[in-house]
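Here the structure is laid out as structure tokens; the discussion comes afterwards.
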Amino acid sequence: MGETKIEWATKVWNPVTGCSHVSPGCDNCYAEVFTKRLRAMGMEKYAEGFKSRQHPDKLAEVKEVK
């Protein structure tokens with residue numbers, strides 16, 4: 001799990017990235033815009049852009065939260 005500066009979270013975990021457009025509301029998707037930025041930064045998880053991808057290696061990062 002990764003550290004984050006999100007004020008309401010302490011850790012982030014993304015075992016799935018991307019999505020599929022399913023409605024007109026998707027035309028203004030903030031996540032797709034953000035994905036373009038992450039891809040430009042060279043982040044491997046976003047190498048295929050907004051295409052939906054699973055990252056099984058990330059499943060092992062989960063730890064029990066108490």
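The values are calculated or read from the model by the stated rules, or taken from the named source; none is laboratory data. These numbers were taken from a predicted model, which means no experiment stands behind them. With ideal geometry, Cβ positions are generated from the backbone for all residues, glycine too; neighbour counts draw on all protein chains shown.
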- Query: Of all residues in segment 1-41 being in a loop (DSSP other than H, G, I, E, B) and among the aromatic types (Phe, Trp, Tyr), which is nearest to GLN54 (Cα to Cα)?
  - Reply: TRP13
- Could you say which residue among LYS51, LYS5, LYS36 is without any contact (Cβ under 8 Å) to a residue 12 or more places away in the chain and on the phi < 0 side of the Ramachandran plot? LYS5
- Query: Within segment 33-55, can you find the residues that are farther than 14 Å from PRO15 by Cα and either hydroxyl-bearing (Ser, Thr, Tyr) or touching a Pro at 6+ places or on another chain (Cβ under 6 Å) (or both)?
  - Reply: THR35
- Complete set of residues in segment 12-31 that are over 13 Å from the mean Cα position of the chain (by Cα) and not hydrophobic (A, V, I, L, M, F, W, C): SER20, HIS21, SER23, PRO24, GLY25, ASP27, ASN28
- Note on the structure: Residue hits (segment 1-42; within 20 Å of GLU61 (Cβ to Cβ), of a type in the set (Lys, Arg) and surrounded by 12 or more Cβ atoms within 10 Å (Cβ to Cβ)) are LYS11
- Among (1) surrounded by fewer than 10 Cβ atoms within 10 Å (Cβ to Cβ); (2) assigned to a helix (DSSP H, G or I); (3) modelled with pLDDT of 85 or more, the one test that ALA60 misses: (3)
